[in-house]
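Participant: The structure follows.
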């Protein structure tokens, strides 16, 4: 296929050269010599030449148009086949139940059969039977294997066809096909597409040289920054150059990577001012995308998850900072505990559905929130604050609306003319669940305001918001505030005074989104002190996006303000970097690498997991601490990985340890305390570190443990230091300091009681033997060491 395309291209090229030659000959034979030429002769000659040139040009243009048309057709056909393939690769749903669909338009026959997703004990029994049927294994193994073999063979043929069509289109000059080849070679969407980083690098390079495409330049920079698959040697200078080209070309990922490099001093000197410039450019893109959504802003992507959190942290539950103290209440930790106990999201939903069927209003409300947010775990900052990716379930606005209406109809059984808001609230039954109904009204109003699962209808949105606001619901007041601010109330103009009144009520109930709206009002008026107060309050109450953006803008302007002391501008710059960095990492609607990596990792296939590691690696180069943690954890979760290298196709074994250490170090630089302890472990065990004496390694390990212990939250780091002081490894032997660190470990984490007790028993025994041998510095068994120290 490729040879035919090349032959056709050569034919067209030859034709073009012949046409150009004809034009040249014509020009040479034009009678413009030294003699005097009659005017009419000149005009006739020029007309003849023009006629010939036009004929040749028409043929040349026609051939180019035919070539472009064929290239476009091949590319579009390839995309159709690819979409067909990837449609079959959709992830298995986490929802065990079929979605509730169109309950008001059921057929006559279905009216005699209970809805499996509807309320009532019979529907619950049918759901349980359906799940039992799905759990029964099939004994028709041979036929199934034959079916899957046929399907697999078909998918393989289609994947080959896609690549052939794209190559044919690229040979005919399609740059879109060229870019698609590079993407598919680096991120194969199915098992049947080859993973070919060398082809990807060559194709990205060719595409960048032809088009100057910023995304292709960013990928070239990644290859030079990491040496991925040894395609090119690591060259941070070239990486810096290509990231700079891509960032100036507007690629958000490149802007993030370049900003992180300036912030951390990777391949360049540390420069906070340059870092904040690039982070600000990236966050502006994220903010523009957010504001381009429906009223109230685009729905935030779900939060990414650290793989280590699902097992209680890098060192397991109790030993890791990630799962001790208040951190034990984080959704990822609770999800890991539930998973280890055998609980699935299907079990949770089934439990909620069972109780909702029994008329439990609180469970119906929870179900509505789950299906609206698309997660078992909802962030505390209100509806707009997003949800936790660790508990993701399929988002289903229609089912959410069903449960919210189920609650609201207990208080407002009918809807009058929505333009008459006063009458809308007179239809109320006494004794209904007012609190839940008002909260449900907030969700219903938001769905009509934003067109989520229903056609956007401002009148109905206003009606539901007004109903809930009359009972003090904060989300309803916030919704009314948005409508009045944006001029969305039917028959009324924008009214900022009314909007602020509603925002103030919601903000008084600690709704982060409303606090952001008031802060934004003051920000736009130049009242930065008042704006800062509201934005900081919003962050405390769970706002993960807008408040960070505006605080980043405020600190960025302070950092660039002339005449301020150096320590003030330095502090403001660091704060601006932190805030803008958070915005860029959350606003990833079009490029959610962490979510894509999670899906690829959970596929369980070798290729899927390698693609997952690659996406984590790209995100890690952009400065994502979660990606750095995940990549390091995957390479570190078993010592045999570091020695035998399950992922040997990527890099040699020793390089695996170095890569893991690099990522642990970078994560530690972003306040990941468990990662900081890990870096100490790597130096202690000599994993991936430079060749140096054992004593030097131990001293560096002790310094990393001390840094982690100084945070006062890592009991493991304190225990490690205690052991090193007891044995004189990396630090002078000191039984008193050993005991102090053992005691601190227990004070920091009560779960360390048993290991600390055993360590102290051994320490006292060793100290007694030390003293019996006439050596000074032993512990006093009869006095409190802490009092002695004082």
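The values are calculated or read from the model by the stated rules, or taken from the named source; none is laboratory data. Quantities reported herein were computed from a predicted structural model and do not represent experimental measurements. Cβ: placed from backbone, ideal geometry, glycine included. Neighbour counts: every protein chain shown.
Participant: Looking only at the range 150-162, decide whether some residue is touching a residue at least 12 places away in the same chain (Cβ under 8 Å), surrounded by fewer than 16 Cβ atoms within 10 Å (Cβ to Cβ) and under 26 Å from residue 257 (Cβ atoms).
Facilitator: No, the conditions are met nowhere in the range 150-162.
Participant: Go through (1) buried (at least 16 other Cβ atoms within 10 Å of the Cβ); (2) in a helix (DSSP H, G or I) one by one and return the number of the condition residue 497 breaks.
Facilitator: Single failed check for residue 497: (1).
Participant: Of everything in the range 267-284, what is without any contact (Cβ under 8 Å) to a residue 40 or more places away in the chain and outside any helix (DSSP H, G or I)? Give them in sequence order.
Facilitator: 268, 269, 270, 271
Participant: I've got another one for you. Just give me the residues in the range 688-746 being touching a residue at least 24 places away in the same chain (Cβ under 8 Å) and out of contact with any helix residue (DSSP H, G or I) (no Cβ under 9 Å at 6 or more places or on another chain), in sequence order.
Facilitator: 695
Participant: Scan the range 588-602 for residues that are within 26 Å of residue 239 (Cα to Cα) and not in a loop (DSSP other than H, G, I, E, B) and jot them down.
Facilitator: Within the range 588-602, 593, 594, 595, 596, 597 meet the criteria.
Participant: Now for a different question. Sort through 244, 203 and tell me the only one that's crowded, with 21+ Cβ neighbours inside 10 Å and not in a loop (DSSP other than H, G, I, E, B).
Facilitator: After ruling out the rest, the residue left standing is 203.
Participant: Follow-up. As an exercise: evaluate residue 754 against (1) touching a helix residue (DSSP H, G or I) at 6+ places or on another chain (Cβ under 9 Å); (2) modelled with pLDDT under 95; (3) surrounded by fewer than 17 Cβ atoms within 10 Å (Cβ to Cβ) and give the number of the one condition it does not meet.
Facilitator: (1)
Participant: Could you list, in sequence order, the residues of the range 368-384 that are surrounded by fewer than 22 Cβ atoms within 10 Å (Cβ to Cβ) and either touching a helix residue (DSSP H, G or I) at 6+ places or on another chain (Cβ under 6 Å) or within 21 Å of residue 540 (Cβ to Cβ) (or both)?
Facilitator: Hits for the range 368-384 are 377, 378, 379, 380.
Participant: Checking the structure you have, find out if any residue of the range 182-194 is in contact (Cβ under 8 Å) with a residue 60 or more places away in the chain, part of a helix (DSSP H, G or I) and surrounded by fewer than 16 Cβ atoms within 10 Å (Cβ to Cβ).
Facilitator: No, the conditions are met nowhere in the range 182-194.
Participant: Six or more apart or on different chains, Cβ under 8 Å: which pairs go from a residue in the range 451-474 that's on the phi > 0 side of the Ramachandran plot to one that's part of a helix (DSSP H, G or I)? Could you list them?
Facilitator: What qualifies is 453/397; 453/398; 453/400; 453/401; 453/447; 472/438; 472/505.
Participant: Enumerate the helices (runs of 4 or more DSSP H) found wholly within the range 603-672, keeping only those where 1 or more residues are crowded, with 18+ Cβ neighbours inside 10 Å and at pLDDT below 90.
Facilitator: 625-636, 639-644, 653-668
Participant: Next question. Does residue 556 meet the test of being in contact (Cβ under 8 Å) with a residue 12 or more places away in the chain and in a helix (DSSP H, G or I)?
Facilitator: In short, yes.
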